[in-house]
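Below: one structure, written as C-alpha cells.
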Amino acid sequence: MKALEDYLVVDFSQFLSGPSASLRLADMGARVIKIERSGVGDICRTLYTSNVIMNGESSVFHAINRNKESFELDLKNEEDCKMVRELLEKADVMIHNFRPGVMERLGFGYADVQQLNKSIIYAELSGYGTEIEGKGKPGQDLLLQSVTGLTWLSGNANSGPVAMGLSIVDMLAGSHLAQGILACLFRKISTGTGGLVQVSMIESAYDFQFETITTFMNDGAELPERTVHNNANAYLGAPYGIYKTADGFIALAMGSIPVLAALLGCKAMEVFTDPAEAYDKREEIKAILAAHLQTAATKSWLAVLEPADIWCSEVLNWKELMEHEGFKALNMIQEVEMEDGYRYQTTRCPIKIDGELLVSSKGSPKLGQDNERIINQFITLKPSVHE
C-alpha cells in the first residue's frame, strides 16, 4: 500500500507548477482528478514547448500529468459546478494555480470550499502572491527567473543575464506546495482540521537562493561577481567550473590549487600557493587551467584526479547518460500506458518509501476520459445531459 492511498485530490491547476505538485501526490498513491475546461482542457495539452507531439498532445502534458484522471467540465455551467461541489465534499485536497480572485469569482474560493468541507486542505499556487503589486502579472517561469535575480548567477561575467534551461521556478513552487499539503495532511490526522496552503513562485525563487541572498545581505550588499572564465558559482573560487578537454568536458568542484597543479602537471599553476588566491586570483587560475585541460582527454584527467579523491566528473549529455551503467542501475525510466493503448517512456518518482520505488504504469488521461467513472462514483444527482 502506498503512503497516500485512499486520499482524494481534486486538481484545478494547469501548466507546470500546480500539476507538478499533484503528480508527486499521485506518485505517493493519492487519487488525483484533474478538473479540465470543457473542449479545451489543461492549456498545457496544446502549449507545445518543442516539436515533439505525443498521441496528439504536448510531450510536456504527458510528462507531468501521468497517473491522473480527467474530469471535463464547464465551470460556467451551474449543473457542472454542482458536480464539482459534490466532489469537493468528499475530497481531502484541492489544488489550483489560477490568478488571485479567479476561483472566488467561480465560487470555489477558500471560504466557499470550507463551507462544503471543513477538513479539506485547500492549496493555491500563484505567481506573485495575493497582496503585492505584481499579483496580476503572469506567473511565467522565465519572467520569475528574471525579476528574482536568478539570471545573474549562471553564465560567465560577460554573458549578461542567463536563464536556466529548465522551468525551475515552476518545479520549485510545485515542490513547496506538495510539502505544505503533506504537512497539513499530517496535522489533519491528529486534529481532523483542514487548512489553507499558499505558495507563490516568486517566494519559491527567493527561497531557492537562500545561500546566495544571505551572503549578499551580509557582505555589504556587494553584488555577486561571475568569473569571465568557466563560471559555475559566483561565490566560489578556482577551480570550480566546467572545462573543455581534448575530447569533451570535465567538471571540477572545490580543490586545493597546489594539489591540482601537481596532479595535472601544470607548472604555471604551481605559483599559487596561498589558499586565498583560489578566490582572489580565480580568473587567472581558471584561464591557466582551461588551457591546460585541453591538452588531454577527459578520461585521462579523471584517471589521475579520481584516485586522488579530487571532486571531479565527466560531463554527459542525455544520450551518454542513458548509456551510463550508473543511470541504468537507478531504473529512473518507466513505461506508462494511456487508456487508448498509447505507450511512452518517462521518468519515475525519485522517492523511495520502505525501499520501494514509487512507480505506476498509468499514463496521462485523454480529456474527459474519466467523466462517466467519476460521476457514477461520486455524484448522487446525475446530470441529465453533459456534453
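No value in this document is a laboratory result; all are computed from the given coordinates. These numbers come from a predicted model, not from an experiment. Cβ coordinates were reconstructed from backbone atoms using ideal geometry, including for glycine residues, and neighbour counts include every protein chain displayed.
A compact table of results
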read-out: Cross-link pairs beyond the 30 Å C-alpha cut-off, checked among Lys244/Lys281; Lys281/Lys319; Lys2/Lys137; Lys76/Lys188; Lys82/Lys352; value: Lys281/Lys319; Lys2/Lys137; Lys76/Lys188; Lys82/Lys352
read-out: Segment 88-191: GluC sites (Glu not before Pro) in DSSP loop, at most 13 other beta carbons within 10 Å; value: Glu131
read-out: Percent breakdown of C-alpha pair distances by 5 Å bin, ordered from the shortest bin, for segment 311-384; value: 3, 11, 14, 14, 14, 14, 10, 6, 5, 3, 3, 1, 0, 0
read-out: Pairs of alpha carbons in segment 43-88 whose separation is greater than 15 Å (percent); value: 55 percent
read-out: P(r) weight above 19 Å for segment 241-323, C-alpha pairs, percent; value: 34 percent
read-out: Computed P(r) (all Cα pairs; segment 46-158; 10 Å bins; percent); value: 11, 29, 33, 20, 5, 1
read-out: Kyte-Doolittle mean at least 0.5, axial Cα span of 18 Å or more - DSSP H helices of the chain; value: 168-191
read-out: Most mobile listed residue (Arg348, Arg373, Arg24) in the chain, GNM with C-alpha springs under 10 Å; value: Arg373
read-out: For segment 57-110: Kirkwood Rh in Å [reciprocal of mean 1/r, alpha carbons]; value: 13.1 Å
read-out: The chain: C-alpha gyration tensor shape, a/c 1.5 cut-off, then a/b vs b/c; value: prolate
read-out: 5 angstrom amide H check on Met94, placed H, neighbours 5+ away; value: Val10, Ile121, Tyr122, Ala123
read-out: DSSP beta bridge pairing in the chain, given as percent antiparallel to the nearest 5; value: 40 percent
read-out: Length gained when the stretch Glu335-Leu223 is fully extended (0.36 nm per residue, less Cα-Cα span); value: 35.7 nm
read-out: All-pairs alpha carbon distance profile, segment 186-331, 5 Å steps from 0, percent; value: 2, 8, 14, 16, 14, 11, 11, 9, 6, 4, 3, 3, 1, 0
read-out: Within-10-Å neighbourhood charge of Asp27 [Cβ basis; K, R +1; D, E -1]; value: +4
